[in-house]
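Chemist: I have a structure here, written as structure tokens, and I will follow up with some questions on it.
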Amino acid sequence: MSADTAPVVLFDVDGTLTDTNYLHTLAWRRAFLDNGHDVASWRIHRLIGASGTKLMEDCIGREDEDVKSAWRSHFEELAPEVQAFPGARDLIRTVQDRGGRAVLATSSPEDLVAHHLRALDLDESGVDGITTDTDVAHAKPAPDVFLTALAKADGAASRAVVIGDTGWDLQAAKAAGIGALAVRTGGWGHDELVQAGAVEVHDDVGTLCRDVETSALGDLLRGA
């Protein structure tokens, strides 16, 4: 199978492969408090997965470099707690073993991506591509991250799927013209993920890996 016809699976990372959405919520909450803004955690959580700029604009009405810097500091303190969801690495391997290309599609800074790779027990050679913030002009819900990740894999949108955990992932996938599956590990409900455009919703990546034969992902890997 040639590279341009090989199926490509674009994995969102935070909240999909690694259990970080609530760590990010806590880091942003502390960063806002450090700078005199009492923003409720639930408001922050609903914006995890969107760009930091959008998160700050929606929460305090503007982008603030002091808040952003404080978020980085707080998240780095929490980084040792980053863990992969059970089955995450197995799902990546399943995609590759069946002839697919697995790309980690994130707009996180490279040094933070290293924490995810550690949690997944992977290095860059273990996947077929990784994006970071230096690759992406506009973060989700813009489609840049998925379009860039697809290009890294020499893939076609018609032979690709996004796996994500929030409506931001699904909006970005739709804007990129790529179908998407969702998992519930980001804290979004089944119905709202479907309404946002998910063709399927699974509890987590471990469940998707277990049920891959009967999933839309399995159809893609079989060439259906």
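Chemist: Please state the shape class of segment 82-162: rounded when a/c is under 1.5, otherwise prolate if a/b exceeds b/c and oblate if not, all from the C-alpha gyration tensor. Before the final figure, lay out the partial values.
Modeler: Numbers: a/c = 1.90, a/b = 1.09, b/c = 1.75.
In terms of gyration-tensor shape, oblate.
Chemist: At 4 °C and a viscosity of 1.567 mPa s, what translational diffusion coefficient does Stokes-Einstein give for segment 21-81, taking Rh as the Kirkwood radius over Cα pairs? Give it in µm²/s as a whole number. Numbers along the way, then the final one.
Modeler: On the way: Rh = 11.1 Å.
D, rounded to a whole number, is 117 µm²/s.
Chemist: For the chain, report the % of Cα-Cα distances exceeding 25 Å. All intermediate terms of the calculation are to be shown ahead of the outcome.
Modeler: On the way: 8551 of 24976 pairs.
That tail contains 34 percent of the Cα-Cα pairs.
Chemist: Work through the residues other than Leu78 whose Cβ is under 13 Å from its Cβ and net out their charges, Lys, Arg +1 and Asp, Glu -1.
Modeler: Summing Lys/Arg as +1 and Asp/Glu as -1 gives -2.
Chemist: For the pair Val199/Asn35, report the inter-label distance in nm, with labels modelled 7 Å from Cα in the Cβ direction.
Modeler: 4.0 nm
Chemist: If R0 is 41 Å, what FRET efficiency do you get for Ala151 and Asp191 from their C-beta distance, rounded to 0.05?
Modeler: Calculated transfer efficiency: 0.80.
Chemist: Still on this model: How high is the FRET efficiency from Asp97 to Ser69, r the C-beta distance, R0 30 Å, rounded to 0.05?
Modeler: Efficiency, rounded to the nearest 0.05: 0.10.
Chemist: A further question on this structure: Taking the Cβ of Ala173 as the center, what net charge do the other residues with Cβ under 10 Å away carry, scoring Lys and Arg +1 and Asp and Glu -1?
Modeler: Counting the neighbours of Ala173, the net charge comes to 0.
Chemist: Grab the DSSP H runs of the chain that are 4 residues or longer, score each as -39,500 (n - 2.57), total them, divide by all residues and round the 222 nm result to the nearest 500 deg cm²/dmol.
Modeler: After summing the helix terms and dividing by the residues of the chain, the value is -13000 deg cm²/dmol.
Chemist: Where both partners of a DSSP beta bridge lie in the chain, what percent of those bridges are antiparallel, to the nearest 5?
Modeler: Details: 1 of 19 bridges.
Here the antiparallel bridges make up roughly 5 percent for the chain.
Chemist: Using alpha-carbon pairs under 8 Å, 6+ residues apart, how would you state the relative contact order of the chain in percent?
Modeler: On the way: 422 pairs, mean separation 57.2, N = 224.
Once divided by the residue count of the chain, the mean separation gives 26 percent.
Values quoted throughout were computed directly from the atomic coordinates according to the rules given, and no laboratory measurement underlies them. These numbers were taken from a predicted model, which means no experiment stands behind them. With ideal geometry, Cβ positions are generated from the backbone for all residues, glycine too; neighbour counts draw on all protein chains shown.
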